[in-house]
1. Grab the beta carbon distance between D352 and T218, set R0 = 56 Å, and tell me the FRET efficiency rounded to 0.05.
2. If packing is taken as the mean number of other Cβ atoms within 10 Å per residue, what is the order of 206-214, 113-121, highest first?
3. Arrange the following residues from fewest to most other Cβ atoms within 10 Å of their Cβ: E375, E112.
4. Among residues other than V91 whose Cβ falls under 12 Å from its Cβ, what is the net charge (Lys/Arg +1, Asp/Glu -1)?
5. Cut-off under 18 Å on the C-alpha distance; same-chain residues fewer than 8 positions from K309 excluded. Which aspartates and glutamates are left, in chain and number order?
6. State the Cα centre-to-centre distance between the stretch 180-214 and the stretch 61-114 in whole Å.
7. I'd like the distance between the alpha-carbon centres of the stretch 335-352 and the stretch 256-314, rounded to an integer number of Å.
8. Return I66, I123 ranked ascending by Cβ neighbour count within 10 Å, so the fewest neighbours appear first.
Amino acid sequence: MKCVQSYRRLGRPRVSSRPLRGVTRQANSSLKHRISIDQLETCAFLTLPESAKQCPPPGAMGPQFIPADSNDEQDRLLNELFMPPFRKGYVRVGPNKVLLPLYYLDYAGRIEDMEVRDSDVWIVSHPKAGTTWTQEMAWVINQDFDFEGAKVPLPERFPFLDHTPLFDYTDILPNLPELQLPLFVSDSVTYINEMKSPRYIKTHLPWELLPKQIREGTKKPKIIYVARNAKDTCVSYYHHCKILEGYSGSFDNYCKLFLGGSLCFAPFWPHVLNFWKRRDEPNILFLKYEDLKKDLPAVIRKTAAFLGKDLNEEQVDLLAEHLSFARMKSNPAVNYEAAIEINRRFNLTTADGHFMRSGQVGNYKEVMGPELIAEFDRWTQENLAKSELTF
Ligand code: A3P
């Protein structure tokens, strides 16, 4: 019973007319210990009927709610250190127990059932793998070097599908009338559904939570997956979560959450490997941040070929310059300074820092000690042993 009743900071109950098929399909498989589709839907809105107040059993594949009074160390760290005003709790979803904010359940069904278009260009990644860099590259190439159009903020021309599920502003907005959210923030799924083709879509959702039409192959958008080594990803994600997502703990505790698969979109390795094993599919391109750093022109050429565009060397050089760290750091359309400023202005997060932070491979060495590095390396080797993927 405690499982659901003890969520902290419960919001006022909300009303939904949307089914949650993406998640509940799995929850439906063992109803003896699970909550039913209708009950689960209610559960997402925190008005669960008495009969349904049961935690799914350990190992269950359906959504697993994280109680505020959990004794599990990972849950406890999350509850204590990662509960900003725009987050009311967390849930683990699917066979890999992907961690997501509770608010995701409001959108899961719509994402599962969304109409994908063959002309879409998707960038999929674990957070902090070089998503923004890859987005800008793909957009400029596919839009035939429309640098004027590239002055429009990236989140508007290349929206983030799972943006809204990450930030639940429903209880915040009534108290902050000055905080005006554009549709790509307040309802990213509707914004994307209404976009003209070709659409550009960013997501951090892992393969198994992408829309059904992609998973089942009935639609074949171009999908670029970008991956980055775990240590740099973790350090970058730590800074990101402090400045943009309200993490209030130490770096050591953050690493525990990262290694334990308890940060949004974790676990890390299944996220990467589920795309790695699909890397030869014609509509999937697998890139690595480290390769963009090593030879950006080569990656630009490869991406252009994937998108069916011919580039001359002058264009490759021009784009490589546009995508340099210095240029991106000072480019307001892609550097997220405005978003960080809004967070500060409305006291949603307080930490200092920049989205375009170090832009390096191996930056982890500045903050990780030898033991932690060894732990990450062991973990990486264990997870990559059966693949040919290296970083
Ligand atoms: P650091 O925090 O290590 O600096 P994402 O877009 O997935 O959130 O990833 C952000 C990371 O990519 C940040 O890493 C950011 O600095 C880096 N990045 C963004 N643009 C870059 C560029 N042009 N060159 C190198 N790194 C870049």
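Nothing in this text is a laboratory measurement; each read-out follows from the coordinates by a stated rule. Source: prediction; values computed, not measured. Counting neighbours? That spans all protein chains shown, and the Cβs are built from the backbone with ideal geometry, glycine included.
1. Numbers: r = 46 Å, r/R0 = 0.82.
Result of the calculation: an efficiency of 0.75.
2. Taking the mean over residues of other Cβ atoms within 10 Å, the ranking is 206-214, 113-121.
3. Working: E375 15, E112 20.
In order of increasing Cβ crowding within 10 Å: E375, E112.
4. +2
5. List returned: D118, D120, E136, D144, D146, D317.
6. Comparing the Cα centres of the stretch 180-214 and the stretch 61-114, I get a distance of 20 Å.
7. Using only Cα atoms, the two centres lie 28 Å from each other.
8. I66, I123
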